[in-house]
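What follows is a set of notes on a single structure, which appears directly below.
The values are calculated or read from the model by the stated rules, or taken from the named source; none is laboratory data. Predicted, not measured: the structure shown is a model, and the values here were computed from it. Using ideal geometry, Cβ is built from the backbone for each residue, glycine included, and neighbour counts are taken over all protein chains shown. The area values use the complete protein model at the heavy-atom level, side chains included, leaving out ligands, DNA and RNA. Shrake-Rupley method; radii C 1.70, N 1.55, O 1.52, S 1.80 Å.
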Amino acid sequence: MQPTIRKVGVIGAGVMGAGIAAQVANAGTPVLLLDIVPAGANNRNAIAEGAIARMLKTEPAPLMSPRAAKLITAGNVEDDLDQLGGCDWIVEAVVERLDVKQDLYRRIDAVRRPGTAISSNTSTIPLRVLTEGMPERFARDFLITHFFNPPRYMRLLEIVAGPKSDPEIVAAVSRFGDVAMGKTIVDCKDSPGFIANRLGIYWMQVAVVEAFDAGLTVEEADAILGRPMGIPKTGIFGLIDLVGLDLMPHVNASMARSLPASDAFQAANRDIPLIGKMIAEGLTGRKGKGGFYRPRRGGGGRINEALDLATGQYRPERKAQLPEIEAAGKDLRALLTAPGKVGRYAWRVLGQTLAYAASLIPEAADDVVAIDAAMRLGYNWKWGPFELIDKLGAAWLAERLRQDGMAVPELLSRAGEKSFYRVENGRRQFLGGDGAYHDIARPDGVLLLGDIKLASKPVLRNVSAALWDIGDGVACFEFTGKVNAIGPDTIALLAKSIDVVKQRFKALVVYNEGENFSVGANIGLALFAANIAAWGEIEKTLAAGQQTYLALKYAPFPVVSAPAGMALGGGCEILLHSASVQAHAETYAGLVECGVGLVPGWGGCKEMLARWSTSAKLPKGPMPAPVKVIEIVSTARVSKSAAEAKELLFLRPSDGITMNRDRLLADAKARALMLAEDYAPPAPPELTLPGPSGRVGLRIAATEFHRRGIATDHDLTVAGALADVLSGGKTDIIDTVGEQAILDLERASFMRLAKSAPTLARIEHTLETGKPLRN
């Protein structure tokens with residue numbers, strides 16, 4: 001029977017250990033965090049307690065809510081080791097020294113319960129070495145769980161099991177890492193660096209060496225290796241700055257010790273004197289005095305500088321001028337064959353990296369799926385190496401390697417003209433080492449819209465949205481426009497979808513697999529309409545959105561929204577009008593309209609008023625709810641997690657949270673089916689609002705912020721318009737205010753602001769720069 005993990009122990013309160021403990025606490029599971037006793041310390045738990053205190057202040061935050069910190073108990077390995085007897089999983093995250101680890105393991109083994117899972121977060125020491133000389137019972141319960149930093153945000157969890165590891169123990173830890181901690185589990189072989197770091201470290205080393213050899217600037221190298229290849233815009237030198245230059249010599253030395261002389265890494269592992277000089281001078285990247293890039297104060301402002309690789313001196317950062325990248329567009333093969341230094345560098349780095357990836361099967365992984373997942377999730381690549389090979393063609397890549405006198409891995413030769421991935425009978429398949437195609441298996445409880453779309457056609461579709469049948473009588477409404485912005489076409493299809501669901505389905509889920517649920521209304525369209533004075537069209541879209549969102553709220557079937565990433569403005573208002581929400585833990589919700597000089601116009605104000613008016617967090621009366629809502633909305637407050645979204649009432653206390661992004665749709669569908677069993681639409685709220693006197697009170701606070709210089713002139717105007725809505729207009733405090741009255745006030749305030757020059761300036765500035773204008 002598979003063990004259940006109810007409490008976790010983490011030993012080592014450094015950045016990784018503390019981060020792992022935080023993610024366990026984010027999952028709602030108690031965790032014991034232990035570290036050594038500092039020499040001469042009065043507080044013997046100072047290290048672990050200090051780590052918890054730092055995490056409460058760190059940005060980006062390791063903890064999803066300050067409440068999660070209460071689930072972490074600090075202690076030390078001298079006084080509290082016996083408390084590990086109450087833990088179901090013990091994670092070791094101490095210094096990468098075998099003697100230190102094994103000494104700790106013996107002490108743990110003396111106090112733990114038999115059958116308690118024990119794992120190491122090591123990234124360099126093989127499992128067979130860690131368990132050498134340890135008791136049989138220890139080896140049976142031991143595995144490696146390699147998290148990536150920061151543990152809250154990086155989805156990859158590499159798991160290595162040994163030949164003696166109990167499959168039930170491994171399955172229990174994998175299940176907890178997946179469902180509770182939100183990780184994608186990639187099973188690795190017990191080989192140096194496992195998968196992601198084995199390939200990622202090689203890629204980084206090749207990229208650096210080739211850049212020096214080619215005489216490129218850091219900006220040129222990062223531009224070539226960045227977005228054209230689906231790699232984050234940091235490129236290679238920006239990434240090294242992020243992780244720290246001082247780690248490179250240690251990591252490279254460890255890999256060099258672990259890998260045979262014949263491994264391709266050994267040839268790439270060249271010493272670069274400039275990097276050694278930078279480390280000696282404290283130029284270790286973002287955590288030091290600078291790295292390959294650094295900001296510097298000068299000329300009355302901030303100057304961004306880049307290191308000249310030829311001279312070792314800083315100069316002003318400049319954008320790489322590489323027309324070959326623009327000419328290649330999305331054609332990766334065209335980039336690799338571009339004339340001159342661009343094509344040569346792109347080929348030298350990517351060609352060697354892809355060849356190395358192909359050589360790692362079966363040594364480091366069983367199949368291409370594991371390697372691709374590891375690089376997408378561990379290094380944030382948009383495409384894994386074998387997906388990149390498919391873009392080039394395996395046969396083309398093999399021939400190009402031969403032309404350059406480079407070895408062609410056996411896997412690549414066997415593939416020939418075949419692709420590594422294909423879709424057959426609506427199923428995504430991968431090419432196995434046996435030369436046959438195999439279905440990509442999904443874990444139980446994982447449902448992906450991308451898979452559904454391979455085997456079916458949409459029920460409805462237009463340029464901005466689609467409606468899909470996801471089975472069991474549940475439909476799924478998907479945003480499909482750029483950044484999932486909501487415009488007139490989205491609203492029109494949503495209205496039509498409501499009618500179709502009434503006739504053919506039990507429930508509706510609003511969900512998509514984009515990076516963000518929705519960034520809100522399409523303000524680009526609004527600005528265009530404003531510039532040609534098409535005020536009637538803007539108001540028409542506003543009214544249509546209000547009525548469609550109301551129809552969503554009062555539909556005779558349950559609507560479950562399933563957001564992940566940003567759910568802003570109109571995207572947040574979808575959540576507010578849904579019967580229920582099943583949110584990914586990393587949901588960042590907020591009504592941000594005031595930031596562009598507007599107020600929420602699709603019912604966000606009325607829904608927030610309704611929620612805060614009935615909240616036990618506030619005293620009763622007509623004034624507390626408007627005061628709280630204006631505080632949240634006027635400052636464009638965005639939650640930093642789904643847990644915080646509950647605290648702000650963007651989500652209800654009863655709404656669900658899913659830790660693993662891949663499980664979100666299945667969880668939302670299950671919630672929708674549960675609600676559909678005896679669903680009845682909600683009763684309309686009856687709000688008691690303060691009216692004109694309350695409006696004055698709400699404006700006073702904004703005026704004080706303006707007087708102190710915290711709020712700008714236009715902030716004051718926007719806050720005043722928001723106060724008009726939240727106070728309920730000309731109502732008397734003895735009257736109740738209906739939803740339509742609030743919607744009318746929203747629309748009037750929105751249109752008044754939309755016609756103002758400062759608001760139009762804010763919208764234009766936001767579209768051009770992605771940043772708010774403080775006017």
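DSSP finds beta bridges in the chain, and of those with both partners inside it, around 40 percent are antiparallel.
Starting from 0.36 nm per residue, how many nanometres of slack lie between Thr4 and Ala533 once their C-alpha separation is accounted for?
184.2 nm
Panel note: the C-alpha atoms of region 12-79, placed on their principal axes, show extents of 34, 22, 18 Å (largest first).
When only alpha carbons are used to place a centre, region 485-516 and region 622-692 end up 19 Å from one another.
How fast does region 211-301 diffuse by Stokes-Einstein, in µm²/s, taking the Kirkwood radius from C-alpha pairs at 37 °C and 0.692 mPa s?
On the way: Rh = 14.6 Å.
Answer from the Stokes-Einstein relation: 224 µm²/s.
Label separation (Lys730 vs Ala636): 3.4 nm, computed from points 7 Å beyond Cα along the C-beta direction.
If R0 is 35 Å, what FRET efficiency do you get for Arg752 and Glu647 from their C-beta distance, rounded to 0.05? Computed FRET efficiency for Arg752 and Glu647: 0.65.
Please identify every one of the GluC sites (Glu not before Pro) in region 345-420 that sits in a loop by DSSP and has no more than 14 other beta carbons within 10 Å of its own beta carbon.
Values: sites: Glu363, Glu387, Glu399, Glu410, Glu417; in loops: Glu363, Glu417.
Filter output for region 345-420: Glu363, Glu417.
Each semi-axis of the equivalent ellipsoid for region 661-774 is √(5λ) with λ an eigenvalue of the Cα gyration tensor; in descending order they amount to 34, 25, 13 Å. Note on region 252-357: Rg/Rh from C-alpha atoms, Kirkwood Rh, equals 1.05. For region 625-698, the mean projected area of the C-alpha convex hull, equal to one quarter of the hull surface, is 6.9 nm².
The alpha carbon gyration tensor of region 487-538 gives principal lengths a ≥ b ≥ c with a/c of 1.5 or higher and a/b no greater than b/c, which makes the shape oblate. Assuming charge only on the beta carbon of Lys and Arg (+1) and of Asp and Glu (-1), the dipole of the chain about its Cα centre is about 1260 debye to the nearest 20.
For region 396-488, how big is Rg over Rh, using alpha carbon atoms and the Kirkwood form of Rh?
Values: Rg = 19.3 Å, Rh = 16.6 Å.
Result for region 396-488 is an Rg/Rh of 1.16.
With a bin width of 10 angstrom, please list the P(r) values of region 111-194 as percents of all Cα-Cα pairs, from the 0 bin to the one holding the largest distance. Reading the bins upward from 0: 19, 52, 27, 2.
If Rh is defined by the Kirkwood formula over all Cα pairs and Rg also comes from Cα, what ratio Rg/Rh do you get for region 53-119? It would help to have the intermediate numbers written out before the result.
On the way: Rg = 14.3 Å, Rh = 13.8 Å.
Checking Rg against Rh, the ratio lands at 1.03.
Computed over the Cα atoms, what is the radius of gyration of region 337-483 divided by 2.2 N^0.38 Å, N being its residue count? Show your work: numbers first, answer last.
Numbers: Rg = 18.3 Å, N = 147, 2.2 N^0.38 = 14.7 Å.
Scaled against compact globular proteins, the figure is 1.25.
If you take all C-alpha pairs in region 75-158, what percent of them are over 15 Å apart? Write down the numbers at each step before the final one.
Details: 2004 of 3486 pairs.
Within region 75-158, distances greater than 15 Å cover 57 percent of Cα pairs.
Listed values for region 189-204 are Karplus-derived 3J(HN,Hα) couplings in whole Hz (6.51 cos²θ - 1.76 cosθ + 1.60, θ = phi - 60°), namely 7, 7, 10, x, x, 6, 10, 4, 6, 4, 7, x, 5, 4, 4, 4, and x replaces Gly and Pro.
Divide, for region 137-283, the radius of gyration over alpha carbons by 2.2 N^0.38 Å, where N is the residue count. Show your work: numbers first, answer last.
On the way: Rg = 17.9 Å, N = 147, 2.2 N^0.38 = 14.7 Å.
Relative to the 2.2 N^0.38 Å estimate, region 137-283 comes out at 1.22.
Normalised by 2.2 N^0.38 Å, where N is the number of residues, the alpha-carbon radius of gyration of region 148-199 equals 1.16.
Stretching Glu363 away from Lys70 to a fully extended chain increases their span by 101.2 nm, per 0.36 nm per residue minus the current alpha-carbon distance. Each 5 Å bin from 0 upward holds the following percent of the Cα-Cα pairs of region 510-644: 2, 10, 18, 22, 21, 16, 8, 3, 1, 0. Can you show me the helix-derived [θ] at 222 nm for the chain, built from DSSP H runs with n ≥ 4 at -39,500 (n - 2.57) apiece and divided by the number of residues, rounded to the nearest 500. Rounded to the nearest 500, it is -13000 deg cm²/dmol. Please report the base-10 log of the normalised intensity I(q)/I(0) for region 551-618, using a Debye sum with one equal scatterer per alpha carbon and no solvent, at each q in 0.19 (1/Å). One equal scatterer on each Cα of region 551-618 leads to -0.81.
Under a model in which nothing but the beta-carbon of Lys, Arg (+1) and Asp, Glu (-1) is charged, region 209-306 shows a dipole of about 520 debye around its Cα centre.
Any idea what diffusion coefficient region 1-47 gets from Stokes-Einstein, in µm²/s, Kirkwood Rh on alpha carbon pairs, 4 °C, 1.567 mPa s? This corresponds to a translational diffusion coefficient of 110 µm²/s. Based on protein heavy atoms only, the chain ends up with 42 Å² per residue of surface accessible to a 1.4 Å probe. For Ile440 and His706, the FRET efficiency from 1/(1 + (r/R0)^6), where r spans their Cβ atoms and R0 equals 56 Å, is about 0.50. Taken along the Cα-to-beta-carbon direction at a fixed 7 Å, the label points for Glu136 and Arg97 span 3.3 nm. When each of the peptides 56-65, 764-773, 370-379, 489-498 is scored by how many other beta carbons lie within 10 Å of its residues on average, the order from highest to lowest is 370-379, 489-498, 56-65, 764-773. Relative to the longest principal axis of the Cα atoms of the chain, helix 624-634 runs at roughly 50 degrees.
Listed cross-link partners Lys289/Lys319; Lys606/Lys628; Lys391/Lys418; Lys70/Lys620 are compared with a 18 Å cut-off, the Cα-Cα value being larger for Lys289/Lys319; Lys70/Lys620.
The lysines whose alpha-carbon is closer than 19 Å to the alpha-carbon of Lys496, local same-chain residues fewer than 8 away aside, are Lys457, Lys506, Lys540, Lys553. One way to sum up the overall shape of region 316-387 is the equivalent ellipsoid from its Cα gyration tensor, whose semi-axes run 28, 14, 11 Å, largest first. Our estimate of slack between Thr58 and Lys382, defined as 0.36 nm per intervening residue step minus the Cα-Cα distance, is 113.9 nm. Our coupling estimate for region 409-426, obtained by passing each phi through the Karplus curve with A = 6.51, B = -1.76, C = 1.60 and θ = phi - 60°, is x, 4, 4, 5, 5, 5, 5, x, 8, 6, 8, 7, 10, 8, 10, 9, 6, x Hz, Gly and Pro reported as x.
Here the accessible area is traced with a 1.4 Å probe on the protein chains. For the chain, carbon and sulfur cover 54 percent of it. Sorting the segments 108-119, 40-51, 24-35, 578-589 by their residues' average number of neighbouring beta-carbon atoms within 10 angstrom, most packed first, yields 578-589, 24-35, 108-119, 40-51. Reported value for region 582-660: 90 Å³ per residue, from the convex hull of its C-alpha atoms.
The alpha carbons of the chain stretch over 82, 65, 62 Å along the principal axes, in descending order. Which whole-angstrom value gives the distance between the alpha carbon centres of region 438-480 and region 347-412? Centre-to-centre (Cα) distance: 30 Å.
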